[in-house]
Amino acid sequence: MPSPTRSRATAADRAAAGAHSMLRVTHGERIVDPSTGLTKLDLVRYYAEVSPWALPFLRGRPVYIRRAPQGIDAPMVFQQHTLDMKNLKGMDPALWPGHDPAISIETAEDLANVAQLDAVELHTWNSTAAAIAQPDRLVFDLDPGDDVDWPRMREAALLVRTMLQELGLQGWLKTTGGKGLHVYVPLRPEFGYPVAKAFTEAVVRHLATTLPQVFVAKSGPRNRKGRVFVDYLRNGWVQSTAEAFSARARPGLGVAMPVAWEQLDDVTHGAHWTITDATAYLRKRRRDPWAKYWTTPQSLPAAMRRLGWKPAQA
Ligand code: ATP
Ligand code: MN
């Protein structure tokens, strides 16, 4: 194991080589997470190191950021627009008519600039500039209710996987870095957001109807007690999801990590990985469990038929 000092120097070297703005980290000593003492420099270095893994998930996609200029115990800013901030690149304004553009992260330098602006979390849309109105994925957001232990979360995730398989769809699993898990279903961008969201809702309702002891489709703490709430609302237009490799603005600074279904038994929490151990894990990993995610765009009509569901006529 390299000593912390040594690995920090290595990270800084890489950062300097990969992104010039890294040389201008201001207030690096500022504490972002009082529970661990992790600083802004730790966070900026994490984003510099993780950029080769994170950029494929960010490129082409409108990004929102959660900034914590005074640390995660102080009020934070959930920022959906560039707001003309220096060093924030915007998406093409035509993609979101009538709005100041969302943020664009295309390069390691863009990511470093965002981190330099105290961004802890990175949230993205389900579509890219190539087809902004047609999502290229569905997101199932699994939230544990009160009294749901982790084995129950695992079971719920596997049931979602099975349900998707019954519909002829493959899903990919990631930790959220927070409390739960996300399942992504890569799509050919052929339907608009309203259809993608309504379809996801139909799947979630079917899960909740079939397995009411495990799942609940209605939000609200009372409904969730002892059960897993599967949120489909991430699938609407201009909604967002904490992206893979995003750090989370919660004590410990967990990160969202793509994992294999077969790994689920070894994953102990939504924040199983944090900014302190994620890149070491990634460097050691033998294979990328999401490699096929990028080359498996799926089509919905067969799944709709299997579910016995049709989009409402507009
Ligand atoms: P967990 O596993 O702990 O549930 P999560 O990422 O699924 O983590 P949240 O951090 O609660 O859950 O976020 C819920 C969703 O709402 C995210 O997908 C995020 O993009 C979006 N979101 C979060 N904060 C805001 C906000 N202030 N305004 C608009 N959308 C937000
Ligand atoms: Mn969630």
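The values are calculated or read from the model by the stated rules, or taken from the named source; none is laboratory data. It should be emphasised that the depicted structure is a prediction, and the values quoted were computed from it without experimental measurement. All Cβ positions, glycine included, derive from the backbone under ideal geometry; neighbour counts span all protein chains shown. Side chains included, ligands, DNA and RNA excluded: accessible areas come from the protein's heavy atoms. Shrake-Rupley method; radii C 1.70, N 1.55, O 1.52, S 1.80 Å.
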When only C-alpha pairs under 8 Å and at least 6 residues apart count, what is the relative contact order of the chain, in percent? 19
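Write down the accessible area per residue of the chain in Å², having rolled a 1.4 Å probe over the full set of protein chains. Write out the running numbers ahead of the final one.
Working: 14340 Å² over 314 residues.
Per-residue value: 46 Å².
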Please name whichever of S246, F229, M257 sits farthest to the positive end of the charge dipole of the stretch 199-264, dipole taken about the Cα centre and charges placed at Cβ: Lys and Arg +1, Asp and Glu -1. F229
Order of exposure, largest accessible area first, which applies to L159, L95, L164 with probe 1.4 Å: L159, L95, L164
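So if the hydrodynamic radius of the stretch 164-230 is defined as the Kirkwood radius over C-alpha pairs, what does Stokes-Einstein give as its diffusion coefficient at 10 °C and 1.306 mPa s, in µm² per second? Mind showing how you got there, number by number?
Numbers: Rh = 13.3 Å.
Taking Rh from Cα pairs, D becomes 119 µm²/s.
For V77, V203, write out the residues from largest to smallest accessible area, computed with a 1.4 angstrom probe and no ligands counted.
Values: V77 60, V203 0 Å².
I get V77, V203, largest accessible area first.
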Helix-only [θ]222 nm of the chain, DSSP H runs n ≥ 4, -39500 (n - 2.57) each, per residue, nearest 500: -9500 deg cm²/dmol
Taking Lys and Arg as +1 and Asp and Glu as -1, residues besides L159 with C-beta under 14 Å from its C-beta add up to +2
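Would you work out what percent of the accessible area of the chain, with all protein chains in place, is carbon or sulfur (probe 1.4 Å)?
On the way: 7600 of 14340 Å².
The computed percentage sits at 53.
As a test of the definition: which semi-axes, in Å, follow for the stretch 99-249 when you take the square root of five times each eigenvalue of its alpha carbon gyration tensor? Largest first, please. Present the calculation step by step, with values, prior to reporting the outcome.
Numbers: eigenvalues 150, 74, 34 Å².
They are 27, 19, 13 Å, listed from largest to smallest.
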Tally Lys/Arg at +1 and Asp/Glu at -1 over every other residue whose Cβ is under 15 Å from the Cβ of Q298; what's the total? +3
